[in-house]
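Scroll down for the structure; my scribbles are underneath it.
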Amino acid sequence: MLIALIAQDKPGALETRMANREAHLAYVAESGVVSQAGPLLDDGGKMCGSLLVLDVEDMVAAQSWADNDPYAKAGLFESVQLTIWKKVIG
């Protein structure tokens, strides 16, 4: 099952993002369930959120992945949305 994870950072949290980026990227690589990922950018080109596509068994697994993301544990996100996604192109 493909799940889109869309997260918006708390305002002014770029320092938190940068301090936890290496741990987040390691978690993405080690988990083996992320099929696509990248930061969301503000109008100035600075990172302000995340979009990931998780390939997991179910929504429970997606929520567990999201809860254990170093970014989430650091309190980076203002909001996180998990939505079932269907790949059509790419």
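Some observations on this one:
- Of all residues in segment 39-71, those that are under 16 Å from LEU14 (Cα atoms) and without any contact (Cβ under 8 Å) to a residue 40 or more places away in the chain total 9.
- Taking segment 21-51 as the range and being surrounded by 14 or more Cβ atoms within 10 Å (Cβ to Cβ) and of a type in the set (D, E, K, R) as the test, only ARG21 passes.
- Test for GLU15: is it under 12 Å from ASP69 (Cβ atoms), of a type in the set (Asp, Glu) and either in contact with a strand residue (DSSP E or B) (Cβ under 6 Å, 6 or more places away or on another chain) or surrounded by fewer than 15 Cβ atoms within 10 Å (Cβ to Cβ) (or both): no
Coordinate-derived values only; no laboratory data. In this text, all values refer to a predicted model and were calculated from it rather than measured experimentally. Because the Cβ atoms are built from the backbone with ideal geometry, glycine has one as well, and the counts that use them run over all protein chains shown.
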